[in-house]
1. Mind checking which pairs have a first residue in region 22-39 that is part of a strand (DSSP E or B) and a second that is of a type in the set (A, V, I, L, M), Cβ under 6 Å, 6 or more apart or different chains?
2. Do we have any residue at all in region 45-55 that's surrounded by 10 or more Cβ atoms within 10 Å (Cβ to Cβ), touching a Cys at 6+ places or on another chain (Cβ under 6 Å) and of a type outside the set (Asp, Glu)?
3. In region 9-28, which residues are out of contact with any Leu (no Cβ under 9 Å at 6 or more places or on another chain) and surrounded by 10 or more Cβ atoms within 10 Å (Cβ to Cβ)?
4. Considering only region 29-44, state which residues are open to solvent by 90 Å² or more (accessible area, probe 1.4 Å) and at negative phi.
5. For region 20-65, what are the residues that are of a type in the set (S, T, N, Q), more than 12 Å from Ser10 (Cβ to Cβ) and under 13 Å from the mean Cα position of the chain (by Cα)?
6. Do the conditions hold for Gln59, that is, is it surrounded by 10 or more Cβ atoms within 10 Å (Cβ to Cβ) and modelled with pLDDT of 85 or more?
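The values are calculated or read from the model by the stated rules, or taken from the named source; none is laboratory data. It should be emphasised that the depicted structure is a prediction, and the values quoted were computed from it without experimental measurement. Cβ atoms come from the backbone with ideal geometry, glycine included; neighbour counts cover every protein chain shown. Calculation scope for accessible area: heavy atoms of the full protein, side chains included, ligands and nucleic acids excluded. Shrake-Rupley method; radii C 1.70, N 1.55, O 1.52, S 1.80 Å.
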Amino acid sequence: LHFDPQKLDSFTEWKMMGVRDYVLGLECGNCYPDGRDQMRKQKRLKFVEPEQKLDYTVQIELYEK
């Protein structure tokens, strides 16, 4: 997994490991899973303006064992 953490600093990886189920989530975002309230308190909340376009590159490489 390759990306520029300076540009994409809110990239989140999460897992759900249930009985016979496994889910891996890779999510690009403009805030952390803690929520906007926490980021606002920390003065880290970012905004995307209407019609503003942001481009990010995420490269995923999978290897077979």
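1. So the pair list comes out as Val23/Met16.
2. no
3. Filtering region 9-28 for residues out of contact with any Leu (no Cβ under 9 Å at 6 or more places or on another chain) gives 9-10, 17-25, 27.
Those that are out of contact with any Leu (no Cβ under 9 Å at 6 or more places or on another chain) and surrounded by 10 or more Cβ atoms within 10 Å (Cβ to Cβ): Asp9, Ser10, Glu27.
4. Residues of region 29-44 open to solvent by 90 Å² or more (accessible area, probe 1.4 Å): 33-34, 36-37, 40-44.
Passing the criteria: Pro33, Asp34, Arg36, Asp37, Arg40, Lys41, Gln42, Arg44.
5. If we filter region 20-65 for residues that are of a type in the set (S, T, N, Q), which is where we start, we get 30, 38, 42, 52, 57, 59.
Imposing the further condition that a residue be more than 12 Å from Ser10 (Cβ to Cβ) reduces the set to 38, 42, 52, 57, 59.
Answer for region 20-65, where residues must be of a type in the set (S, T, N, Q), more than 12 Å from Ser10 (Cβ to Cβ) and under 13 Å from the mean Cα position of the chain (by Cα): just Thr57.
6. Working: surrounded by 10 or more Cβ atoms within 10 Å (Cβ to Cβ): no; modelled with pLDDT of 85 or more: yes.
Criteria not met by Gln59.
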